[in-house]
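Take a look at the structure below.
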Amino acid sequence: MDPRVTEFHCIMPLRNIPSVLEHGILSYEQAAKLSHASVAMEEVQERRDQKRVPNGLRLHQYANLYFHARNPMLFKRKDQAHELCVLCVSTQVATLAGVVFADCNASSDYVRFLAPSQWSLLPLADIYAMDWRHPDDPVAFYRHRSRKCAEVLVPHRVARQFLIGAKVKDAATQAALTAMKVPFPVHIDPVLFFGSPSGARLQGDAC
């Protein structure tokens, strides 16, 4: 796989970490059976509930990961960053049976669902771009915004053994997560959460 793909990401409320440590990262369908906090947008979930991967499951039956969490989903929740972490998942999860890559937001009308062996078809330059704005080209903006949310779809759940770390915005959130006795390192990465290394907001964050 491309060297840019070193891990997969899952945006997770801190409140859910005890459940993740017990059950892993669950699909929307499986998580609905447990008490949990959600960062999902309901209007998007309605579309996802109706969509099925060709020759696969419904989207809500997959645990969904991102290639890169610095994306429109996390941007919409940036003011809640102190309540969130980004869980880092081993790329070995892609070797599991039934895993599917989506080359943009999986609920998009234009998504291509790919086998992991077809990773070279992913628009990786767009997926890992730090900025997806195209002020003079609305079509390019909407296309890039969707590609930033490219997904890894894992049937039903991602077992906790695939969790290799977590990223948080600041030291306070790091301390809160570490206090939960997580069995993986917790790194401070303010840029991932739309801040700067010094903690100030980046200029032009309105993505």
Checklist outcome for this item: Residue separation between Ser120 and Asp136 times 0.36 nm, minus their alpha-carbon distance, gives in nm 2.9 nm
Item to check | Sites matching chymotrypsin sites (Phe, Trp or Tyr not before Pro) across the stretch 73-158 that sit in DSSP coil, with at most 13 neighbouring C-beta atoms within 10 Å | outcome: Tyr110
Next on the checklist: Just to check I understand the Karplus step: with θ = phi - 60° and J = 6.51 cos²θ - 1.76 cosθ + 1.60, what whole-Hz values come out for the stretch 76-92, glycine and proline as x?
Outcome noted: 5, 10, 4, 6, 9, 4, 5, 9, 10, 9, 10, 7, 9, 10, 4, 5, 4
Next on the checklist: Give me the one-decimal nm value for the distance between modelled label points at Tyr128 and Ile188, 7 Å along each residue's Cα-to-Cβ direction.
Outcome noted: 2.6 nm
Checklist entry - Which of the following values of Rg and Dmax of the Cα atoms in Å was calculated from the structure shown: [x] 17.5, 56; [y] 16.3, 47; [z] 16.8, 53? => result [y]
Checklist outcome for this item: By the DSSP-based rule, helices of the chain that are at least 20 Å long along the axis (C-alpha) and have a mean Kyte score of at least -1.0 are none
Checklist entry - Ranked by Cβ crowding within 10 angstrom, fewest neighbours first, how are Leu14, Leu153 ordered? => result Leu14, Leu153
Next on the checklist: With +1 on the Cβ of every Lys and Arg and -1 on the Cβ of every Asp and Glu, and nothing else charged, how large is the dipole of the chain about its Cα centre, in debye rounded to the nearest 20?
Outcome noted: 260 debye
Checklist outcome for this item: Placing each pseudo-label 7 Å from Cα in the direction of the beta carbon, Leu96 and Asp170 end up separated by a distance in nanometres of 3.4 nm
Item to check | Helix-only [θ]222 nm of the chain, DSSP H runs n ≥ 4, -39500 (n - 2.57) each, per residue, nearest 500 | outcome: -5500 deg cm²/dmol
Next on the checklist: Please list, in order along the stretch 20-30, the HN-Hα scalar couplings obtained from phi with the Karplus expression 6.51 cos²θ - 1.76 cosθ + 1.60 (θ = phi - 60°), rounded to whole Hz, x for Gly and Pro.
Outcome noted: 4, 5, 8, 10, x, 8, 9, 5, 4, 5, 6
Checklist entry - Can you tell which of Thr173, Val158, Val186 lies farthest toward the positive end of the dipole of the stretch 145-186, using +1 and -1 charges on the Cβ of basic and acidic side chains (Lys, Arg; Asp, Glu)? => result Val158
Next on the checklist: Quick check: the distance between the Cα centres of the stretch 7-71 and the stretch 136-184, to the nearest angstrom?
Outcome noted: 11 Å
Next on the checklist: Going by amide H atoms built from the backbone, whose H comes under 5 Å of the H on Ile164, apart from near neighbours?
Outcome noted: Cys88, Val89, Ser90
Checklist entry - In whole Hz, what ³J(HN,Hα) sequence does the stretch 155-167 give by Karplus (6.51, -1.76, 1.60; θ = phi - 60°), x for Gly and Pro? => result x, 6, 6, 9, 5, 4, 5, 8, 7, 10, x, 8, 10
Checklist entry - Between Gln80 and Met180, 0.36 nm times their residue separation minus their Cα-Cα distance comes to what? => result 34.1 nm
Checklist entry - How far is it, in nm, from the label point at Ala32 to the one at Arg58 when both lie 7 Å from their Cα along the line to the Cβ? => result 0.6 nm
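No lab work stands behind these numbers, since they all come straight from the coordinates. In this text, all values refer to a predicted model and were calculated from it rather than measured experimentally. A quick note on method: Cβ atoms are made from the backbone with ideal geometry, for glycine too, and the neighbour counts reach across all protein chains shown.
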